[in-house]
Each structure stands twice: as C-alpha cells, then as structure tokens.
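See structure below.
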Amino acid sequence: MSVERETAFGGGVYFQRGPLVYSYAIPAEIRKDTVRYANMNGKYPADDNAFPCLDIRPAGPWNFAVAADAQAVPAGQHLRLTVFPIQWEFDKGPAGEDLTPDLPFRPSATGAPQQIELVPYGETTLRLTVFPVLQDPVAEE
C-alpha cells in the first residue's frame, strides 16, 4: 500500500498507509498522579493500584513541523519522515497546568532537519499525529 499524505482541519498534515494512521511516539515520562482534582466531582477508581490515574509528559522533543512538500517513506512496518524543530509550547490552563496546544499556523524552523520514525497510532501513548507545515520553503541540503 502506498503512503498517503492527508490535510487535517486547521492545515496540518498526517500520513496514512491503507487503514493505518501513523504518529510520532513522543518519548514519555509516566508517573502515578495522586492529586485529587476538584473537577473530578469525587470520581476516583475504587482500586487506585489496579487503575491508577497517570500523568504522562514528554521526556524528549515533540515540537516538530514538516516542509510543505514533505512525504513519509516506508521503513518496514513504520514510516520515516524529515521534520524540523519549531517554537511550540504547551498552553496554560487557569491553574497554570499544561494543556495541549493548538496547532501553530505556518511556523518557522528553529533548527536543522531530523529524521523521525512514525508508527501506527495504536502503538503510541503520547503522540504527534498532525504536523504543522512550515511557513518558509526549506532549502535542500
């Protein structure tokens, strides 16, 4: 099956091959979250050891964009993609908590290109699936 590049709502792009959508599996730091949040209305798992609440945060870079003509290429069961680091930070909630940020519109690259591996969406815990598209054309190196 060929790799298809699709445009998402908001202008980002994602990649699929047949029925599989591919994502970058962001390196993750996972810890048990024992904070009792007010907005949970007293709802907590009866067995906090068997069904813990988890706090999952990036443990490596995740803020990448692709060139306007980027294509993912097959690498066995996975895909390879050239990405560029960009300035893209978490949004802040009312209590200062980190929130998923909106997709940046036409960002600029802040560093050199890198190759990343995309895996099927279902193989990920923390993921980047829709990539922003760079504002500026990227010069071939």
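Please treat every number below as a calculation from the coordinates, not as lab data. All figures in this text were calculated on a predicted structure; none of them were measured in a lab. Using ideal geometry, Cβ is built from the backbone for each residue, glycine included, and neighbour counts are taken over all protein chains shown.
With each pseudo-label sitting 7 Å past Cα toward Cβ, what's the Arg31-His78 distance in nm, one decimal?
About 2.7 nm, to one decimal.
Starting from 0.36 nm per residue, how many nanometres of slack lie between Glu97 and Ala46 once their C-alpha separation is accounted for?
Using 0.36 nm per residue and subtracting the Cα-Cα distance, I get 15.8 nm.
For a distance above 14 Å, tell me the whole-number percent of Cα pairs in segment 96-138 that qualify.
Tail of P(r) above 14 Å: 64 percent of Cα pairs.
Convert 25 °C to kelvin, take the viscosity as 0.890 mPa s, use the Kirkwood radius over C-alpha pairs of segment 7-100 as Rh, and evaluate the Stokes-Einstein diffusion coefficient in µm²/s, rounded to a whole number.
For these conditions, the coefficient is 146 µm²/s.
For segment 42-141, just run the numbers: alpha carbon Rg, then divide by 2.2 N^0.38 Å, N being how many residues it has.
Taking N as the residue count of segment 42-141, the ratio is 1.34.
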